[in-house]
1. Six or more apart or on different chains, Cβ atoms under 9 Å: show the pairs whose first residue is in the range B:74-101 and free of Cβ contacts under 8 Å to residues at least 60 places away in the same chain and whose second is surrounded by fewer than 10 Cβ atoms within 10 Å (Cβ to Cβ).
2. Given the conditions (1) touching a Cys at 6+ places or on another chain (Cβ under 8 Å); (2) without any contact (Cβ under 8 Å) to a residue 12 or more places away in the chain, report the number of the one that residue B:37 does not fulfil.
3. For the range B:21-40, give me each residue that is assigned to a strand (DSSP E or B) and farther than 17 Å from residue A:80 by Cα.
4. When only residues in the range A:24-39 that are part of a loop (DSSP other than H, G, I, E, B) and facing another protein chain (nearest Cβ under 9 Å) count, which is nearest to residue B:111 (Cα to Cα)?
5. Which is surrounded by 16 or more Cβ atoms within 10 Å (Cβ to Cβ), closer than 30 Å to residue A:77 by Cβ and β-branched (Val, Ile, Thr), of B:110, B:51?
6. Can you confirm whether residue A:61 is at pLDDT below 90 and either buried (at least 19 other Cβ atoms within 10 Å of the Cβ) or of a type outside the set (Ser, Thr, Tyr) (or both)?
7. Can you tell me how many residues within the range B:34-71 are within 12 Å of chain A (Cβ to nearest Cβ) and modelled with pLDDT under 90?
8. So, in the range B:53-94, how many residues would count as being closer than 18 Å to residue B:126 by Cβ, in contact with a Ser or Thr (Cβ under 8 Å, 6 or more places away or on another chain) and assigned to a helix (DSSP H, G or I)?
Amino acid sequence: MTKPTLSFVLLGSLAALATLTGCTALQSVSVTQIPADRSRPLHAEVSNTAFLGIHFTNDFIEPLTAKLMAECPRGRVTGILTKQESSLYVIVQTRRVVATGYCVYDPTPAQPAEATAMQETH
Amino acid sequence: MRRFLPLFFLCFAPPLVGCATLHRAQLDEIDGQHGHLVPFEIHVSETGINTKAVGQIASVAMRSSRPSQIASVVALFQFGPKTGNVVYSDEFADAVAMTILERCPTARVTGLMSLRESTNYYAVSGEYVTVRGYCIVD
C-alpha cells in the first residue's frame, strides 16, 4: 500500500472540513393567520453572502415585501411563514430570509340592505 | 504577548467596524386590495456596550491586565440569552407602536416588517429596532 501524498491528505481534510462545517442555524420564525383559501401559494426569499460573516448592512431584507406583493398584485398576502436562517460554509456565511404565504382575493362586500331600503323610502 | 495586543487590535478591528447583525425578522400580512399603500419606516436605537471589549481596550491603554479581569467579572452579571449587546435601558422600543400611529393617523397599516438588528463597532454597538410597513390611504 502506497503512502498518501501530502496534497492528497490536505485535499481530503479540506473536503471533510467543508462537509462537517456546512452548518445551518435557524434564527427566527414567525407565522401569521392562515387563510381558508390556500389555492395560490407564494414564495419569496432574499439572501446575503459575506466573507467571514462580516456584513456591513442588513438592507438585503428590504425587497422581501415587494417580492411578495409582486406575486400577488392587488391581493392580500396572508399565512406568511417567515424564516430567518444562516449557513456557514467554512469561511463564507450566507444569511437568508424566506417567506412563504398565500395570495387571497377577498370578494367585494355586498352593499348593506338598509341603505337600499332607505333610498326607496325617499 | 501584551505588546502584540495593539497590533492584533489594529489588524482585526477595522474589518469589524460597522459589522451588521440581523437578529430577528418578522413579516406581517400584506393587504393590497383596500386602497393605495404609502410606505413608512420607523427606526429606534440605543447604544450597546460590549463589556469585554471595553476591558480589553482599557488593558491596552493602561498596559495592565487588571481592567480586562474586572470586565470579565462584570460580564458574569450580564450572562444569559440576549440579542445584541447590553443596553442601559430596554425601553427604547416602547414608542414604536405610537410612532406608527403618528406616521399613519388612520391606523390602517399593513405589510409590517419588524426587524431587530445591531451594528457593532468593537466596544460599542448600535442596537436597533426597525419597523417598515405601509399605510392604507383611500
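The values are calculated or read from the model by the stated rules, or taken from the named source; none is laboratory data. If you're wondering where the values come from, they're calculated on a predicted model, not measured in any experiment. Reconstructed Cβ throughout: ideal geometry from the backbone, glycine too, with neighbour counts over all protein chains shown.
1. Matching pairs, first to second residue: B:101/B:107.
2. Result: residue B:37 passes all but (2).
3. Across the range B:21-40, the qualifying residues are B:21, B:22, B:23, B:36, B:37, B:38, B:39, B:40.
4. Initially, the range A:24-39 is screened for residues part of a loop (DSSP other than H, G, I, E, B), giving A:32-39.
This time we only want the ones that are facing another protein chain (nearest Cβ under 9 Å), so: A:32-33.
On the way: A:32: 11, A:33: 13 Å.
Among residues in the range A:24-39 that are part of a loop (DSSP other than H, G, I, E, B) and facing another protein chain (nearest Cβ under 9 Å), the one nearest to residue B:111 (Cα to Cα) is A:32.
5. Numbers: B:51 fails: closer than 30 Å to residue A:77 by Cβ.
Criteria check complete, one pass: B:110.
6. No.
7. 2
8. 1
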